[in-house]
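Only one structure is covered here, and it is reproduced in the block below.
Values quoted throughout were computed directly from the atomic coordinates according to the rules given, and no laboratory measurement underlies them. This is a predicted model, so every value here is computed, not measured. Glycine also receives a Cβ, built like all others from the backbone with ideal geometry; neighbour counts cover every protein chain displayed.
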Amino acid sequence: MPRSVWKGPFVDGYLLKKAEDARASGRNTVIKTWSRRSTILPQFVGLTFGVYNGQKFIPVLVTEEMIGHKFGEFSPSRTYYGQGVDKKAKRA
């Protein structure tokens, strides 16, 4: 179920502050974030975020098409190795 419209999109406050600082300084550094639940805003376009997936930070360059999505969608936290039956068939 989506978030109600009158509340607006959720973004952690520290993430907005870091993005504004990066935009003002002009440096193209990776902004590390653990907030996979934050929504991508238009102010983030062109910035690179390091989204934590539980093991490492995955660099995500924000584009126009990503606006409205969550950071966690672009940083998979689980690795799919396929079905167990397929592994046995490959060995033979």
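Annotations for the structure displayed:
- Among residues of segment 58-84, those that are part of a strand (DSSP E or B) and either in contact with a helix residue (DSSP H, G or I) (Cβ under 9 Å, 6 or more places away or on another chain) or under 20 Å from GLY13 (Cβ atoms) (or both), counted: 3
- Taken over segment 16-57, residues that are in a strand (DSSP E or B) and of a type in the set (Phe, Trp, Tyr) amount to 3.
- Residues that are of a type in the set (Lys, Arg) and either more than 10 Å from the chain's Cα centre (by Cα) or surrounded by fewer than 16 Cβ atoms within 10 Å (Cβ to Cβ) (or both) within segment 23-42 comprise ARG23, ARG27, LYS32, ARG37, listed in sequence order.
- Close pairs (7 angstrom Cβ cut-off, 6 or more residues apart or separate chains): hydroxyl-bearing (Ser, Thr, Tyr) in segment 57-80, outside any loop (DSSP other than H, G, I, E, B) anywhere: SER75/VAL51; SER75/ILE58; SER75/VAL60
- Candidates in segment 43-76 are the residues that are closer than 17 Å to PRO2 by Cα and more than 8 Å from the chain's Cα centre (by Cα); of these, the one that is surrounded by the fewest Cβ atoms within 10 Å (Cβ to Cβ) is GLY68.
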